[in-house]
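A.B. asks: Structure below; questions to follow.
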Amino acid sequence: MKPSSCSLTEIQQQIDEVIRFLSITLNIANAHTVEFYTHDVWKRFVAVSPEDVLSAVGSGNDQQREPQHRRSEQPSTTFGFCNDTKRLVDTQELVQAAKEHSLPGLGLCMSRENLLQGLRDTRSESGTPEETVAAFEPDEFMTSKKSHEVQSMSEVVACLAQHCGVNQVIDVGSGKGYLSSFLSLQYALRVYGIDSSSTNTHGAQERNRKLKKFSKAYQKHTKAARTQAEATHSPQEELIEKKTGLNGDEDVLSGNGPRIRSQEEERVLTSSSDINPAVEGHSEQNPETDELFLSALSVDVIQPASPRVPPSQLSAEERERRKRENLERKAQSRADSTGAVFSPLTSYVTAETELRDLINELEDAVMVGLHTCGDLAPSTLRMFVAKPELAAVCSVGCCYHLLSEEFDPAGQECLQSVCGFPLSQYLRDQSCFCGRNARMSACLALERVALGQGIQMESLFYRAVLHVILRDHYSSYKSEKRVGNVYSKAKSFVDYVRRALRRLELDESKLSDSDIQDYHNTYRVRMDEMHAFNMLKVTLAPCIEGLILLDRLCYLKEQPCSKLLTCSGSRPKWKRMVGWMT
């Protein structure tokens with residue numbers, strides 16, 4: 001079942017199913033790891049061994065199901081929890097139920113590939129061509145993870161923009177401007193990046209200026225290195241033209257063809273004095289002169305071109321290549337004619353913000369957000385609903401633990417009139433509440449390996465044992481001060497505890513090194529309990545994330561307007577993207 005085909009009633013029924021599941025299991029997600037030993041969390045919630053949990057979670061329930069107790073002794077359960085004791089007694093039942101109550105299990109996912117294909121099919125029917133500019137490879141300027149995210153999302157945004165017939169994009173929470181710069185340079189879109197931090201927008205503007213200069217040099221250099229035909233100048237004239245371009249502000253090179261990468265090319269690309277090596281990822285600037293640039297070129301570049309072939313005699317492949325190059329030139333010309341196609345703006349925006357007050361040239365646009373933190377993700381959806389000039393929205397939220405909740409029993413999270421969760425009227429009518437620890441768990445969907453082993457697991461163990469020490473030896477162990485990232489600097493558990501006590505401004509002389517080490521030795525044998533418990537949290541993470549995203553989908557379905565929409569969870573998990581049209 002595609003989200004686009006779901007009615008509001010069907011979405012609400014799916015929400016009810018997830019809420020029923022979480023009403024039984026949410027205590028696991030809301031248990032705080034710091035209090036794991038002080039509150040004896042394992043015995044409170046789990047009645048099976050850590051080995052049983054790790055085996056069931058690790059197998060993914062793909063193996064044939066075997067009861068963890070003999071059937072004659074198995075109590076009545078709901079989602080693996082005993083109806084009497086409320087403790088987990090059947091991990092395999094829980095794992096299976098968690099799969100069924102995640103977004104893929106509910107059948108509410110559209111793959112990124114299917115979404116793109118649907119947009120392209122619609123676009124081809126309307127006769128709108130795809131136009132992109134071969135500008136630069138993003139991994140030249142960002143980490144491989146960020147590069148993957150930016151490229152994946154940019155393609156979706158570009159298809160949305162062309163589907164809607166718009167050329168403007170508003171990037172909310174644009175940060176350093178990686179997505180905005182790539183959209184403007186690669187797809188010739190007019191992008192307005194809005195961020196509340198002036199430091200971010202100033203840095204993004206400077207970075208984009210350098211990227212544009214790099215892009216032009218890079219694009220024209222690679223085209224010249226690829227071209228084998230259509231040259232009308234003599235070799236001598238071509239040499240003069242290239243040298244002029246390097247010494248002045250004119251184009252460096254021209255030409256088209258497949259991309260060539262080499263060590264010499266890397267040296268050429270760093271020779272521009274305008275590229276900051278610290279920002280752009282190069283270790284140092286190359287002081288070589290114009291001759292270095294020319295020496296990096298293929299000999300074929302400065303050889304006489306082949307005679308021009310009449311179009312009727314061109315191969316199908318050559319005709320397609322020339323057509324593509326023509327589209328690139330048009331797109332580049334369109335981008336150049338608009339001037340700076342990425343404009344960073346500093347502003348704190350809400351649904352009440354008048355976008356036209358920020359953007360004088362605003363036309364119909366697509367609103368996007370990559371890693372829209374906390375309440376910013378629901379704010380983008382509120383803006384999408386409230387602003388008729390927004391034709392579509394593509395949102396990838398993150399940091400669910402920073403969402404404010406309207407129905408927080410402590411009344412501490414939602415200090416403003418508008419909260420981040422719940423967003424839909426349907427869940428607001430039910431006073432739905434998740435809890436901060438549960439929302440923190442929702443961020444763990446991609447952390448199965450990291451939480452299950454290694455350094456991260458040990459740091460959690462250290463902090464939980466420290467809490468026991470604080471309980472046993474210090475009258476107030478719920479300090480307003482935070483321990484912080486002490487683990488990364490500690491050489492041992494004893495060193496960790498002493499650093500933490502100093503950070504908390506507590507008297508470390510109360511404890512000898514042997515006293516501290518004894519705590520470590522006592523609880524070390526129970527570290528598997530913490531490991532297994534965190535894997536249960538990871539198992540529940542997609543369900544909690546699913547509730548948050550279903551709330552957002554329900555909110556949009558509740559609106560009387562009809563718009564094109566795509567929305568995704570924390571980080572670009574494109575294989576399980578929620579996509580729908582209303």
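A.B. asks: Tell me whether the range 75-94 contains one or more residues that are modelled with pLDDT under 90, outside any helix (DSSP H, G or I) and aliphatic (A, V, I, L, M).
C.D. replies: No.
A.B. asks: Out of (1) more than 20 Å from the chain's Cα centre (by Cα); (2) modelled with pLDDT under 95; (3) not aromatic (Phe, Trp, Tyr), the odd one out for Val538 is which?
C.D. replies: Among (1) more than 20 Å from the chain's Cα centre (by Cα); (2) modelled with pLDDT under 95; (3) not aromatic (Phe, Trp, Tyr), the lone unmet condition for Val538 is (1).
A.B. asks: Those residues that are among the β-branched types (Val, Ile, Thr) and either surrounded by fewer than 16 Cβ atoms within 10 Å (Cβ to Cβ) or over 30 Å from Gln430 (Cα atoms) (or both), I need them from the range 1-52; list them, please.
C.D. replies: Thr9, Val34, Thr38, Val48
A.B. asks: With the structure loaded, tell me whether Arg20 is over 23 Å from Glu545 (Cβ atoms) and either at pLDDT 95 or above or assigned to a helix (DSSP H, G or I) (or both) or whether it fails that test.
C.D. replies: no
A.B. asks: List pairs: first in the range 84-95 and free of Cβ contacts under 8 Å to residues at least 60 places away in the same chain and of a type in the set (D, E, K, R), second open to solvent by less than 10 Å² (accessible area, probe 1.4 Å) and in a loop (DSSP other than H, G, I, E, B), Cβ under 7 Å, 6+ apart or cross-chain?
C.D. replies: Going by the 7 Å Cβ cut-off, the qualifying pairs are Asp90/Gly80; Glu93/Gly80.
A.B. asks: Kindly check whether there is at least one residue in the range 108-123 that is touching a residue at least 12 places away in the same chain (Cβ under 8 Å), more than 20 Å from Cys394 (Cβ to Cβ) and surrounded by fewer than 18 Cβ atoms within 10 Å (Cβ to Cβ).
C.D. replies: No - not one qualifying residue is present in the range 108-123.
A.B. asks: Mind listing whichever residues of the range 169-197 are in a strand (DSSP E or B) and farther than 19 Å from Arg120 by Cα?
C.D. replies: Within the range 169-197, Ile170, Asp171, Val172, Arg190, Val191, Tyr192, Gly193, Ile194, Asp195 meet the criteria.
A.B. asks: Let me ask something else about it. So for the range 161-168 (the condition being at pLDDT 90 or above, open to solvent by less than 30 Å² (accessible area, probe 1.4 Å), assigned to a helix (DSSP H, G or I) and closer than 21 Å to Leu390 by Cα), does at least one residue qualify?
C.D. replies: Checked the range 161-168: at least one residue is at pLDDT 90 or above, open to solvent by less than 30 Å² (accessible area, probe 1.4 Å), assigned to a helix (DSSP H, G or I) and closer than 21 Å to Leu390 by Cα.
A.B. asks: Residues that are at pLDDT 85 or above and open to solvent by less than 40 Å² (accessible area, probe 1.4 Å): does the range 405-413 have at least one?
C.D. replies: Yes: one or more hits.
The values are calculated or read from the model by the stated rules, or taken from the named source; none is laboratory data. As the structure is a prediction and not an experimental result, all values here were calculated from the model. Backbone-built Cβ (ideal geometry, glycine too); neighbour counts: all protein chains shown. We work out accessible area using only protein heavy atoms, side chains counted, and drop any ligands, DNA or RNA first. Shrake-Rupley method; radii C 1.70, N 1.55, O 1.52, S 1.80 Å.
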